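Engineer: The structure is given below, and queries will be raised subsequently.
Quick note: the coordinates plus some simple rules give every number you see, no bench work behind them. Just so it is clear, the model here is predicted, and its values are computed rather than measured. Every residue, glycine among them, receives a Cβ derived from its backbone with ideal geometry; neighbour counts consider all protein chains shown.
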Amino acid sequence: MSIHGPGLLVSTQDGTATVTIGNPARRNAMTLGMWRALPGLLAGLAAEPSVRVLVLTGEGDTFCSGADINDLAGPDGPRTAQDAAVAAEEALAAFPKPTLAMIRGACVGGGCQLAAACDLRFAAQGARFGITPARLGIVYGAASTRRLVELVGPATAKYLLFSGELIDHERALATGLVDEVLPPDTLEKRVQSFTEVLRARSQLTQVAVKEFATAEPSADRLAHWAAQAAASGDPAEGRAAFLERREPRFTWSPPVE
């Protein structure tokens, strides 16, 4: 385990990087320093060839209670904190490899914003979710709003944003805010087993899917991925493994820039 900036802990094991929000005295609230540190941390992990999957979680029994209220003081406080939060969220959404939020307890405000920026969300029973700018008179970011609408649909997004009310894990699962709900004592084991599945799959597929899901690809990008597939050997390996009834041994990895 290593510390990257204030309140952010990073560990790597077998191709999975785990970023832990570590501010338990304030229920893992994100300080301004933590928001600002996250993009650089993510950039470093994205450039590391051995990292295949990223897991975001919170220390102890709380995922993240949102932005630290102390950073909202003063006339420019809310704007500064929101700008930093949006930059961190966009960096997480742009992470080129699969990302998964492992959620226990409160996932509120900026914490829910970070979870929504991940590709997948697995939660423990008893987790609670909410997005609370309407309680503070803050205008929620446009990119964040669109991402939430794409995830849960306009009606649920409006319910969450208009009211600032919290929802339980059952409603979060039903609306698509989370992908799986597990008993608290099995959540970490399930996340570990699922990241093993992700690491065994084709990075070529995963990285291309993330790019295509974000925006309509140009002709140049379609040609790029066709060339990558042809040069990689992954499609041939996938077919061979299927016919031979064995696990594939994919070799493609993102070019190191």
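Engineer: Can you tell me the equivalent ellipsoid semi-axes for region 142-181? Use √(5λ) from the Cα gyration tensor, largest first, whole Å.
Structural biologist: 17, 12, 7
Engineer: Taking θ = phi - 60°, what integer Hz values does the Karplus form 6.51 cos²θ - 1.76 cosθ + 1.60 yield along region 86-97, in sequence order, with x for Gly and Pro?
Structural biologist: Along region 86-97, the couplings run 5, 4, 5, 4, 5, 5, 5, 5, 8, 4, x, 10 Hz.
Engineer: Which whole-Hz ³J(HN,Hα) couplings does region 60-66 yield from phi under the Karplus relation 6.51 cos²θ - 1.76 cosθ + 1.60, θ = phi - 60°, glycine and proline marked x?
Structural biologist: Each residue's phi maps through the Karplus curve to give x, 9, 10, 6, 6, 8, x Hz.
Engineer: Turning to a different aspect of this structure: In nm, to one decimal, how far is the Glu244 label point from the Ala94 one, both placed 7 Å along Cα→Cβ?
Structural biologist: Label at Glu244, label at Ala94, 4.0 nm between them.
Engineer: Going by amide H atoms built from the backbone, whose H comes under 5 Å of the H on Ile103, apart from near neighbours?
Structural biologist: Residues meeting the amide H criterion: Phe122, Ala123, Ala124.
Engineer: Pull up the DSSP beta bridges for region 64-189 and report the antiparallel fraction as a percent, rounded to 5.
Structural biologist: Numbers: 2 of 13 bridges.
Around 15 percent of the beta bridges assigned by DSSP in region 64-189 are antiparallel ones.
Engineer: Tell me, what HN-Hα J-couplings in whole Hz come from the Karplus equation 6.51 cos²θ - 1.76 cosθ + 1.60 at θ = phi - 60° for each residue of region 157-166, using x for Gly and Pro?
Structural biologist: Karplus-based 3J(HN,Hα) across region 157-166 equals 4, 5, 4, 5, 7, 5, 9, x, 6, 8 Hz.
Engineer: Mind pulling the per residue volume of the convex hull built on the Cα atoms of the chain? Å³ is fine.
Structural biologist: Working: hull volume 36.0 nm³, N = 257.
Here the figure is 140 Å³ per residue.
Engineer: Here's another thing I want to ask about it. Bins of 5 Å, beginning at zero and ending with the bin holding the largest distance: percent of Cα pairs per bin for region 202-244, please.
Structural biologist: Distribution as computed: 5, 22, 26, 23, 13, 7, 4, 0 percent.
Engineer: Shifting gears a bit: Among DSSP bridges having both ends in the chain, what percentage is antiparallel? Round to the nearest 5. List each step's numbers first, then the result.
Structural biologist: On the way: 10 of 32 bridges.
Here the antiparallel bridges make up roughly 30 percent for the chain.
Engineer: Which one of Leu41, Thr175, Gly110 is farthest out on the positive end of the charge dipole of the chain, using unit charges on Cβ (Lys, Arg +1; Asp, Glu -1) and the Cα centre as origin?
Structural biologist: Thr175
Engineer: Taking a ≥ b ≥ c as the square roots of the Cα gyration tensor eigenvalues, with a/c under 1.5 meaning rounded and otherwise prolate when a/b beats b/c, else oblate, which class fits region 95-154? Walk me through the intermediate numbers first.
Structural biologist: Numbers: a/c = 2.02, a/b = 1.20, b/c = 1.68.
It is oblate, given that a/c is not under 1.5 and a/b is not larger than b/c.
Engineer: Would you pull out the residues with amide H under 5 Å of Thr132's amide H, same chain only if 5 or more places away, H placed 1.01 Å from N?
Structural biologist: Gly109
Engineer: If r is the Cβ-Cβ distance from Phe212 to Glu48 and R0 is 35 Å, what FRET efficiency results, to the nearest 0.05?
Structural biologist: It comes out at approximately 0.90.
Engineer: If I model a spin label at Thr80 and Leu9 as a point 7 Å from the Cα along the Cα→Cβ vector, what separation in nanometres do I get?
Structural biologist: The answer from the label model is 2.8 nm.
Engineer: Please work out whether region 127-222 counts as rounded, prolate or oblate from its C-alpha gyration tensor, where a ≥ b ≥ c are the square roots of the eigenvalues and a/c under 1.5 means rounded, while otherwise a/b larger than b/c means prolate and anything else oblate?
Structural biologist: Oblate is the answer for region 127-222, as a/c is 1.5 or above yet b/c matches or exceeds a/b.
Engineer: Counting Lys +1, Arg +1, Asp -1, Glu -1, what net charge surrounds Ala123 among other residues with beta carbon under 14 Å of its beta carbon? Before the final figure, lay out each step's value.
Structural biologist: Values: positive: Arg104, Arg121, Arg128, Arg171, Arg190; negative: Asp61, Asp168, Glu170, Asp179, Glu180, Asp185, Glu188.
Result for the local shell: -2.
Engineer: Could you name the lysines in cross-link range of Lys97, using Cα to Cα under 23 Å and dropping any fewer than eight places away on the same chain?
Structural biologist: Straight-line reach from Lys97, under 23 Å: Lys189, Lys210.
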